[in-house]
1. Take every Cα pair under 8 Å in the stretch 92-201 that's 6+ residues apart, average their separations, divide by the length, and report that relative contact order as a whole percent.
2. Could you tell me the relative contact order of the stretch 2-111? Use alpha-carbon pairs under 8 Å, at least six residues apart, and round to a whole percent.
3. Would you look at the GNM of the chain, springs on alpha carbons closer than 10 Å, and say which of 159, 245, 65 moves the most?
4. Using helices alone, what [θ] at 222 nm do you get for the chain, with -39,500 (n - 2.57) per DSSP H run of 4 or more residues, divided over all residues and rounded to the nearest 500?
5. Please say if the stretch 186-226 is rounded, prolate or oblate, where rounded means a/c under 1.5 for a ≥ b ≥ c the square roots of the C-alpha gyration tensor eigenvalues, and otherwise the choice is prolate for a/b larger than b/c and oblate otherwise?
6. Just the ratio, please: alpha-carbon radius of gyration of the stretch 22-146 over 2.2 N^0.38 Å, N its number of residues.
7. Between 85, 330, 172, which gets the highest mean-square fluctuation from a Gaussian network model of the chain, Cα cutoff 10 Å?
8. Counting only the heavy atoms of the protein chains, how much of residue 97 is accessible to a 1.4 Å probe, in Å² to the nearest 10?
Amino acid sequence: MNNRAPSARRIAVIPGDGIGPEVIREAVKVLKAVASAGGRQVSVTEFDWGAERFLRDGTTLPPDAPEMLQRNFDGILLGAMGDPRVPTNRHAADILLGLRAKLDLYANVRPCVLFDKRLTPLRDRTEKDIQFFVIRENTEGLYVGVGGIFKKGTPDEIATQEDINTRKGVERILRYAFDFARQRGLRRVCMSDKSNALTFGHDLWQRVFAELRRECGDIEASHLYIDNLVLQMVRDPSQFQVIVACNLFGDIASDLGAQLAGGLGLAPSGNIYPGRISMFEPVHGSAPALAGRNSANPMGAILSVGMMFDDVGWQMEAKAVEGVVRSAVREGRTSNDLGGKMTTEAVGDWISEQIVKKGISEAAALI
C-alpha cells in the first residue's frame, strides 16, 4: 500500500468490455457513497484499457502501466474483459493476465458465501452451511502459457501445455491460506491437488503442505484430491472454511462455489499481493449479449469494492458493503438473475442510498 494519509485512498478503475462498464459504474457509485458515509477521502481515476481502445489504436496494457499503478494507486477495480470483435482476446489476456503477472498478484481469493437459502441449488441447505473461501494460486500452473503447437492443422499435430509449479509459488500460496484462516478466526484449511496422477508437480504441493501443517498446528489441515473435493463441496459444503489449490483447480472449484452461493452475479474476487497494490473484480464474464440492456447484476462488482476496502484497511466500510448487499438480496432488491425486477442502475442506487441512510455502523451490523 502506498504511504498516504490514513483516510485517503486512490483507486484505479478499468471498466473493461461488455457489461463491465455498466456494473463498474454502479460499483463506483457505491464506493463513493461508502467513503462519504464513513468520512473517508477517495479519488477514482478511470483507464480506458479494453476492446474499444484496442480496436482504435492497438493499445492493450501500456508498458509502464504496472509500475505506474504500483506507484500512484492503492487499489485497482476491474470490470470484465472479452469482446467478440477481438476473437483472439489478445487485449483481455494482456490486461488481465498481464496485471496479475507483472504485479505478482499471486493470491486469488474468492468468497463463497450464501446470503439467502433460496439462492442455493442444494436441497435443505441454509446460510450457515455455505460460508467458505477458495484461494487459488494466481501466477503459475497451466495458465502461464508455456507450451506450443507443432504441425498445426495436420493429422500429426502435437499440442503441449506445461504445468509450472515453483517451490516459491507453492509455499507462498499455501502459507497465505493458513494466514488468511488465522486472521479471520477460521480453523480449517483444505488443500486440493491431483498428486496421485500429477506425480511431479503436485508432489511438490504435497511436500510443502506437509511442512506447513506441522508448522501451523493451530489450524486443522486436510487434503482432498480435486475430483473428491468438488464431490464433497456438493455433498456437504459446511465442512469447508478455506480451500487452497493450484491455478486451474482453484478456478474450477471457485466457480462451483459461486453457484452454490447463488451464482456468478454475486461473486466477487481479489487478486492480491499482501501489503502491495491489489486488483479486485467481479467473477462473471463480459456477457456481450447483455451489454447496454441495464439488466446485468452489479452485486459481484459491488462486493469486490467491499473486498478492496478490506484490503486497504477500511474494515468497517467493507462490512457495510456486504451488509447492505445481504439486505438487498433478502428483500428482493435484485436483478432478474436473482429473481428480482430491478435494473443494474436501480440496484446500485438502492444500495448506495441505504448506506447513506443507515451509516457505516448500522450497515455493517446487517451481516
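The values are calculated or read from the model by the stated rules, or taken from the named source; none is laboratory data. These figures come from a predicted structure and were not determined experimentally. Don't worry about glycine lacking a Cβ; one is built from the backbone with ideal geometry, like all the others, and counts go over all protein chains shown. With ligands, DNA and RNA removed, areas are computed over all heavy atoms of the protein, side chains included. Shrake-Rupley method; radii C 1.70, N 1.55, O 1.52, S 1.80 Å.
1. 20 percent
2. On the way: 146 pairs, mean separation 41.6, N = 110.
It rounds to 38 percent for the stretch 2-111.
3. Maximum among the listed residues: 159.
4. Estimated from H runs of four or more residues: -12500 deg cm²/dmol.
5. Oblate.
6. 1.31
7. Checking each option, the largest mean-square fluctuation is seen for 85.
8. Around 80 Å² of this residue is reachable by solvent.
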